[in-house]
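The values are calculated or read from the model by the stated rules, or taken from the named source; none is laboratory data. Since the model is a prediction, treat every value here as computed from it, not as a measurement. Reconstructed Cβ throughout: ideal geometry from the backbone, glycine too, with neighbour counts over all protein chains shown.
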Amino acid sequence: MNTGQDYKDSLRNRNIKVYLKGQLLDSKELIDHPFIRGHVNSAAMTYDLAHDPLYEDLMTATSHLTGKKINRFTHIHQGTEDLVKKVKMLRMISQKTGTCYQRCVGFDAVNAAYTVTYEMDKKLGTNYHERLTAYLKNWQENDLMVVGAMTDPKGDRSLRPSQQADPDLFVRVVEKRDDGIVIRGAKMHMTGMVNSHEMLIMPTSAYGEEDKDYAVCCAVPVDAPGIIHIFGRQTNDDRKMEGEIDQGNARFGTVGGECLTVLEDVFVPWDKVFMCGEYEYAGLLVERFACYHRQNYGGCKGGVSDIVTGATAVIAEMSGYGKAAHVKDKINEMIHLTETLYACSIACSAEGKKTASGAYYVDPLLANVGKHNVTRLIYEIDRIAQDVGGGFMATMPSESDLKSPEIGKYVEKYLKGVASIPTEDRMRVARLIENMTGGVALVESMHGAGSPQAQKVMYSKLSNLEHKKKCALEIAGIKPKDVVM
Amino acid sequence: MRAGNCRHKAKRRSDVSCSGKRNIILIKDKGVFLRVAVKFCGNCNSHIDPGALYTSLKEEREGLIFDFYNDKESFDILLIINSCPIGCATSPPFYGHVVIATSESVDDWPAEKSQLREAIWEALCTRIKQEESNK
């Protein structure tokens with residue numbers, strides 16, 4: 001297993017093309033860029049914690065392929081215990097970073113692809129599972145960071161991929177050769193892409209036969225010829241070019257560092273192709289990935305909310321109203337909401353089941369309910385944090401003002417809360433709350449792992465409404481055969 | 001899996017005793033040490049500071065060697081420290097004595113956080129006494 005430093009060093013060896021605010025970054029030095037380094041530090045935590053005896057029970061697993069001890073982020077779930085430990089691991093890491101560490105996306109992608117390729121091969125006689133297993137062995141052996149790449153730009157949402165005015169708005173196979181395939185298109189919102197080694201590309205939705213060229217799952221290095229990445233902007237990101245305090249979480253940043261990844265005729269050798277035209281399995285792969293990924297949110301957002309709750313309690317104490325009854329009540333409400341998020345993630349893991357491949361899969365209904373809760377409850381948690389934190393976190397002067405020889409004394413004097421607490425400490429906690437409860441952090445809770453409607457559409461499929469109707473009729477004393485519905 | 005194979009087993013049984021009064025293990029022969037493997041749960045919900053507990057166990061008790069658990073070495077006792085009351089740490093295959101602590105219990109018996117260290121030592125003593133009585 002690699003350390004965080006091993007991981008960082010390995011990133012410098014890539015020939016990756018990343019554009020940021022219109023400028024191409026030096027591939028050797030981009031991980032030091034103020035816009036990017038926090039995300040790298042956060043991902044590095046997933047490596048370092050695996051070497052710490054205090055955390056290794058969650059951070060490591062035994063490979064079912066080699067019997068070796070591996071980083072859990074490269075593991076295929078072998079039981080419900082693995083699924084539960086995944087959630088606990090995510091909560092624990094979030095408590096250390098206060099933000100996304102990006103590595104779960106590839107983790108979920110490979111678990112989904114592992115189950116689907118097995119079933120696809122049995123039905124169609126293909127050999128994708130064997131290829132994926134060989135790829136996974138190398139992934140585990142080299143402890144790679146592989147980003148899951150699912151979301152296409154999608155253009156006009158009312159049209160299928162092949163109906164779009166521009167056929168490249170969904171990633172597709174444009175050429176099949178003896179030695180591999182050539183793909184073209186783009187992937188959006190790619191969390192951790194610019195600080196990964198490889199990407200595992202998946203289709204973005206279910207497809208019919210007319211869209212079979214879009215049913216593609218494959219792996220490519222993030223620096224393969226034909227690939228460029230355009231790094232996304234974030235709320236208040238110019239603060240990263242200044243000091244530390246105003247960033248709120250200077251060490252680990254905000255969310256995961258997303259980008260637009262353009263795939264301009266990228267060659268993929270056959271041994272890294274895991275689906276190519278089998279359109280009838282595209283939807284299954286999307287669903288499996290989505291459910292594994294939605295499982296996470298009560299873990300990672302639970303841990304992030306632990307930080308927000310702690311910061312809220314601290315700012316109340318620093319401001320002198322920590323013992324007020326209404327503040328205690330609000331903190332308790334934050335705890336209630338956080339544990340509600342966590343409970344769904346634990347539940348969908350405990351109710352997981354074995355797939356034909358041997359890998360375990362979460363309960364999809366509970367996983368969707370959990371993520372759906374995140375699209376609502378995080379907003380409420382953050383609303384309470386902003387309520388208790390006070391308006392000054394949105395209006396206070398900058399770190400530069402605090403440290404100014406001329407006016408610093410005024411910031412120090414008038415931003416003071418409880419006399420014994422340094423003003424700088426109070427400003428730091430306020431900036432942390434500001435950073436974690438607004439802008440991209442909230443949008444990520446809404447749309448990461450799918451927008452709320454993507455969860456809702458699963459309910460009618462998974463919730464067994466007929467059973468509920470039957471129960472109701474029975475309690476009402478109505479024989480089902482008497483009712484025409 | 002070699003964990004649990006006592007390297008000093010024959011000698012240890014006759015050389016170790018426990019002081020029930022102070023719950024401190026006495027090693028009559030200073031040349032003999034019991035090896036205690038310590039494993040942690042993963043700490044997603046720390047009600048205690050497991051690192052500090054480990055350090056205090058290591059510092060204050062003469063005659064025992066504490067080390068982090070691994071499946072490559074032999075140990076006499078496995079001590080599993082869970083940071084919250086749930087106690088979800090994985091128990092690896094181990095053929096020696098096992099003591100399981102949570103933030104509120106030791107071997108399923110309630111223990112105050114402030115008394116956790118002493119309660120763990122009492123449990124370790126009990127294991128050693130059991131082995132002595134079995135010889």
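Things to note:
- A single member of A:T117, A:T151, A:T126 is more than 19 Å from the chain's Cα centre (by Cα) and assigned to a loop (DSSP other than H, G, I, E, B), and it is A:T126.
- Residues of the stretch B:81-97 classified as closer than 20 Å to B:C125 by Cα and either more than 13 Å from chain A (Cβ to nearest Cβ) or not in a loop (DSSP other than H, G, I, E, B) (or both), total: 5
- Just one residue in the set A:D387, A:D425, A:D382 is surrounded by fewer than 17 Cβ atoms within 10 Å (Cβ to Cβ), within 26 Å of A:Y342 (Cβ to Cβ) and not aliphatic (A, V, I, L, M); that residue is A:D387.
- Selection over the stretch A:338-367 of residues that are among the acidic types (D, E) and under 16 Å from A:D82 (Cα atoms) gives a count of 2.
- Lone qualifier among A:V116, A:V110, A:V105, A:V84 - being surrounded by 17 or more Cβ atoms within 10 Å (Cβ to Cβ), β-branched (V, I, T) and either without any contact (Cβ under 8 Å) to a residue 12 or more places away in the chain or within 14 Å of chain B (Cβ to nearest Cβ) (or both): A:V84
- Taking the conditions (1) farther than 24 Å from A:K301 by Cβ; (2) at pLDDT below 95; (3) hydroxyl-bearing (S, T, Y) in turn, A:S400 satisfies each one other than (2).
- With respect to the stated conditions, A:V443 is closer than 20 Å to A:R239 by Cα and surrounded by fewer than 16 Cβ atoms within 10 Å (Cβ to Cβ).
- 1 or more residues among the acidic types (D, E): qualifying strands (runs of 3 or more DSSP E) within the stretch A:157-251: A:172-176, A:198-201
- Single residue of A:G248, A:G320 found to be within 23 Å of A:R426 (Cβ to Cβ) and buried (at least 23 other Cβ atoms within 10 Å of the Cβ): A:G248
- Any hit, the stretch B:59-82, residues being surrounded by fewer than 20 Cβ atoms within 10 Å (Cβ to Cβ), under 19 Å from A:L54 (Cα atoms), touching a Leu at 6+ places or on another chain (Cβ under 8 Å) and at pLDDT below 95: yes
- From A:K69, A:K96, residue being surrounded by fewer than 20 Cβ atoms within 10 Å (Cβ to Cβ), out of contact with any Gly (no Cβ under 9 Å at 6 or more places or on another chain) and farther than 18 Å from A:V146 by Cα: A:K69
- For beta carbons closer than 7 Å, sequence separation of 6+ or different chains, a first residue in the stretch A:147-163 that is among the small types (G, A, S) and a second that is assigned to a loop (DSSP other than H, G, I, E, B), the qualifying pairs are A:G148/A:M202; A:A149/A:M190; A:A149/A:M202; A:G155/A:Q164; A:G155/A:D166.
- Sole residue being assigned to a helix (DSSP H, G or I) and buried (at least 18 other Cβ atoms within 10 Å of the Cβ), chosen from A:V266, A:V308: A:V308
- All conditions but one from (1) farther than 21 Å from A:S196 by Cα; (2) away from chain B (no Cβ under 14 Å); (3) in contact with a Gly (Cβ under 9 Å, 6 or more places away or on another chain) apply to A:V40; the one that does not is (1).
- Test set (1) surrounded by fewer than 24 Cβ atoms within 10 Å (Cβ to Cβ); (2) polar (S, T, N, Q); (3) in contact with a strand residue (DSSP E or B) (Cβ under 8 Å, 6 or more places away or on another chain) - A:T261 fails condition number: (1)
Rundown of residues vs (1) among the basic types (K, R); (2) under 30 Å from A:I230 (Cβ atoms); (3) more than 14 Å from chain B (Cβ to nearest Cβ); (4) buried (at least 17 other Cβ atoms within 10 Å of the Cβ), yes/no style:
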residue	(1), (2), (3), (4)
A:R14	yes, yes, yes, yes
A:D26	no, yes, yes, no
A:P34	no, yes, yes, no
A:Y47	no, yes, yes, yes
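- Residue count for the stretch B:34-80, restricted to those that are more than 13 Å from every other protein chain (Cβ to nearest Cβ) and part of a helix (DSSP H, G or I): 4.
- Matching entry among A:L30, A:L90 (being buried (at least 24 other Cβ atoms within 10 Å of the Cβ), in contact (Cβ under 8 Å) with a residue 40 or more places away in the chain and within 14 Å of chain B (Cβ to nearest Cβ)): A:L90
- A:A134 surrounded by fewer than 22 Cβ atoms within 10 Å (Cβ to Cβ), touching a helix residue (DSSP H, G or I) at 6+ places or on another chain (Cβ under 9 Å), hydrophobic (A, V, I, L, M, F, W, C) and not in a strand (DSSP E or B): yes
- Residue count for the stretch A:154-198, restricted to those that are among the aliphatic types (A, V, I, L, M) and more than 23 Å from the chain's Cα centre (by Cα): 7.
- Test for A:V388: is it in a helix (DSSP H, G or I), over 15 Å from A:R294 (Cα atoms) and in contact with an Asp or Glu (Cβ under 6 Å, 6 or more places away or on another chain): no
- Residue in the stretch B:119-135 that is closer than 16 Å to B:K39 by Cα and in contact with a helix residue (DSSP H, G or I) (Cβ under 6 Å, 6 or more places away or on another chain) present: no
- Any chance A:N296 is assigned to a helix (DSSP H, G or I) and either within 16 Å of A:L200 (Cα to Cα) or not charged (D, E, K, R) (or both): yes
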